[in-house]
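Dropping the structure in here first, questions after.
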Amino acid sequence: MYTQLFGHYLLNNGIIDADELHAALTALTRIKVKLGSAAIDAGYMSAEQVEEIHELQHTMDKRFGELAIEQGYLTDEQARSLLSKQKNSNLLLGQALIDFGFITNKQFEDALNDYKRKASLINGDSEEERMENEMIDVLGISDMPDKEFYSEYILLFIRNLIRFLGDDFSLSGVSRNVTVSMNYACTQEITGPISATVAIGGTEHGFIGIGARYSGEELHETDGYTKACVGELLNLQNGLFAVNASNSRNIELDLKPQESFEKYMLNVPENGICVGLSFSFGDIKIAVIKHGERTAANDRNTEIQ
Amino acid sequence: MKISDITVMICDDSPLVIKKTGDILRKIGVAKTIHASDGEEAVEQYKASKPNLVFMDIVMPKKTGLEALREIRSFDPNARVVMASTIGTQSNLISAIKEGAFEFLQKPIKEDDILKVVNRMLKE
């Protein structure tokens, strides 16, 4: 997660360009050890236990370490030790960029110090809240009335992309008040107290890449099966968002069936967002438009009228 | 009844889910699977084939899984229909059980869940 944000910071500040970030992130996936593999390597967990935790992550928006502790496979101390080994991913990204000759050691040191300084200014009562606030900053949406919704939704999507597609991507752009076009897209409506339209799609390579990674199969065409695979990822994201809303805010959301489109256009208003992501297999976009939120106070006003 | 004797129907608008669930069912020994891709087709297929067990998605076009469950149960009160949804919340579980679902599972459905449901059905 932090690697993507730090990468976006480097890109946004003109320290590196998109191709350089892409090359470094691709190299990084080859050397970065996932927490599950590190747990096996340390002898803390068996391969079956790691697989079980990965399965559980399909139905619960929880981190690997958190679930492994809940299941009794890791102690708090073991999880902390594994996480501390992972936390140097910004250093690994920096090392890859230096090795490629894209930046100097001095540029990296200055950038990392500036990034850390800015990140330390972001507050939050919990780690989750701090990350959502960091996301508001990265997306540049602090002026939006629904910034909390967008931050929570996009943060969950990024976590799911990392879990189910891999972390070899960077944020390539954030846009609002724009007509978004995607060669291939899947959409889904969230209904209930919060209503929203969500679309995921992109170029042909991007779209096929999403489907192939999510299904774990080799896909080569944008046929009905590939569309179904992309649609299921979107359904999973929205399902987990609805579960979180039910657990944390007692809000019950529903979903409409996913739809798929070719040459898809969507008008994203000022109070909407489109996030561009560049994966090693292609470019993708996620567009989210919140239509409204029904609160108890709103309902009372409607009744009075 | 043996596991190889039963017919299982998978109702989902996603070919990915139909394929993955079908693969698991065949792996655990179910010989015959049929499928439907929307709620309306699910009701028609059930009436035509009377499968022993049904896995039904809740969010589907034409008719939702809960509407299809209601119609199937009114046609056959003994129908064993397992409802599945990515929204694994208490309220969805309660709605499914109220409508007479045999079980409620959060998607994506895992092999262990399918095995447990099939074994429970065979014991009953």
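Just so you know, all these numbers are worked out from the coordinates, no wet-lab data involved. Everything quoted here is computed from the prediction, not taken from an experiment. In this analysis, Cβ positions are derived from the backbone assuming ideal geometry, glycine residues included, and neighbour counts consider all displayed protein chains.
Go ahead and run the numbers for FRET between residue B:26 and residue B:112, Cβ-Cβ distance against an R0 of 25 Å, rounding to 0.05.
Computed FRET efficiency for residue B:26 and residue B:112: 0.95.
Now a separate question. If contacts are Cα pairs under 8 angstrom and at least 6 residues apart, what is the relative contact order of region A:1-121 in percent?
Contact order relative to length: 35 percent.
Express the C-alpha Rg of chain B as a ratio against the empirical globular expectation 2.2 N^0.38 Å, rounded to two decimals.
Expressed relative to 2.2 N^0.38 Å, the Cα Rg reads 0.94.
Between residue B:98 and residue A:143, what is the label-point separation in nm under the 7 Å Cα-to-beta-carbon projection?
Rounded to a tenth, the inter-label distance reads 4.5 nm.
How high is the relative contact order of chain A, in percent, with contacts defined as C-alpha pairs under 8 Å that are six or more residues apart?
21 percent
So, one more: Please report, in debye to the nearest 20, how large the charge dipole of chain B is about its Cα centre when each Lys and Arg carries +1 at its beta carbon and each Asp and Glu carries -1 there.
Dipole about the Cα centre, nearest 20: 360 debye.
On to the next question. Might you report the magnitude of the Cβ-based charge dipole of the protein assembly as shown about its Cα centre, with Lys and Arg at +1 and Asp and Glu at -1, to the nearest 20 debye?
700 debye
Sticking with this structure for a sec: Compute log10 of I(q)/I(0) for region A:1-121 with the Debye formula, placing one identical point scatterer on every Cα and leaving out solvent, at q = 0.11, 0.13, 0.19 Å⁻¹, to two decimals.
-0.46, -0.62, -0.99
In nm, to one decimal, how far is the residue A:70 label point from the residue A:262 one, both placed 7 Å along Cα→Cβ?
4.2 nm
Helices from chain A with mean Kyte-Doolittle at least -0.5 and a Cα length along the axis of 24 Å or more, per DSSP H: which?
For chain A, where a helix must reach 24 Å along its axis and average at least -0.5, the hits are A:147-164, A:224-249.
Mind jotting down a quarter of the surface of the convex hull over the alpha carbons of chain A, in square nanometres, one decimal?
17.2 nm²
Go ahead and run the numbers for FRET between residue A:189 and residue A:109, Cβ-Cβ distance against an R0 of 41 Å, rounding to 0.05.
FRET efficiency, residue A:189 to residue A:109: 0.30.
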